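Asker: Mind having a look at this structure? Questions to follow.
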Amino acid sequence: MRCLDRRFRPMAESILSLARRFGPYRVTSACRSSREQAKLYADFLEGKSEFPVAPPGKSAHQKGLAVDIASESIDPYQDLVLHAIGASWRQADPSLVWSESDPIHFEWRPRR
């Protein structure tokens, strides 16, 4: 997570810390290169990804402003811990982004 934007990193660390109080959660993705994003997007278009993937150049992961957090033992779409954290996160500030359609993804959209 060292590659995350310095303003977002404490937020991501707090989400992970909170989730770990309830189980074996880990960061599954943080910063991505253009090449990594292109590969993930191609896999998504081919139906090989369970989660939505933004096109290269459009992902907050490429800017260090997003983190994916999950537990290997729980279906992310049924994961009450992620849903509780995500819903609270989203309500705390409009610049904090979380969606039930991508429950592992936590994103910060800083106001300019």
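The values are calculated or read from the model by the stated rules, or taken from the named source; none is laboratory data. Remember, predicted model here, so these are calculated numbers, not experimental data. With ideal geometry, Cβ positions are generated from the backbone for all residues, glycine too; neighbour counts draw on all protein chains shown.
Asker: List the number of the failed condition for LYS58; all other conditions in (1) assigned to a loop (DSSP other than H, G, I, E, B); (2) surrounded by fewer than 18 Cβ atoms within 10 Å (Cβ to Cβ); (3) touching a residue at least 60 places away in the same chain (Cβ under 8 Å); (4) under 15 Å from the mean Cα position of the chain (by Cα) hold.
Answerer: (3)
Asker: Please return the ranges of strands (runs of 3 or more DSSP E) entirely within the stretch 62-112 where 1 or more residues are surrounded by fewer than 13 Cβ atoms within 10 Å (Cβ to Cβ) and either of a type in the set (D, E, K, R) or in contact with a helix residue (DSSP H, G or I) (Cβ under 8 Å, 6 or more places away or on another chain) (or both).
Answerer: The strands (runs of 3 or more DSSP E) meeting that bar are 96-99.
Asker: Let me ask something else about it. Criterion first (touching a Ser or Thr at 6+ places or on another chain (Cβ under 7 Å) and modelled with pLDDT of 95 or more) does ALA38 satisfy it?
Answerer: no
Asker: If you take the residues of the stretch 1-55 that are under 16 Å from the mean Cα position of the chain (by Cα) and among the hydroxyl-bearing types (Ser, Thr, Tyr), which of them is farthest from GLU100 (Cα to Cα)?
Answerer: SER33
Asker: Within the stretch 24-55, which residues are outside any helix (DSSP H, G or I) and surrounded by 15 or more Cβ atoms within 10 Å (Cβ to Cβ)?
Answerer: Answer for the stretch 24-55, where residues must be outside any helix (DSSP H, G or I) and surrounded by 15 or more Cβ atoms within 10 Å (Cβ to Cβ): TYR25, VAL27, THR28, SER29, ALA30, CYS31, ARG32, PHE51, VAL53, ALA54.
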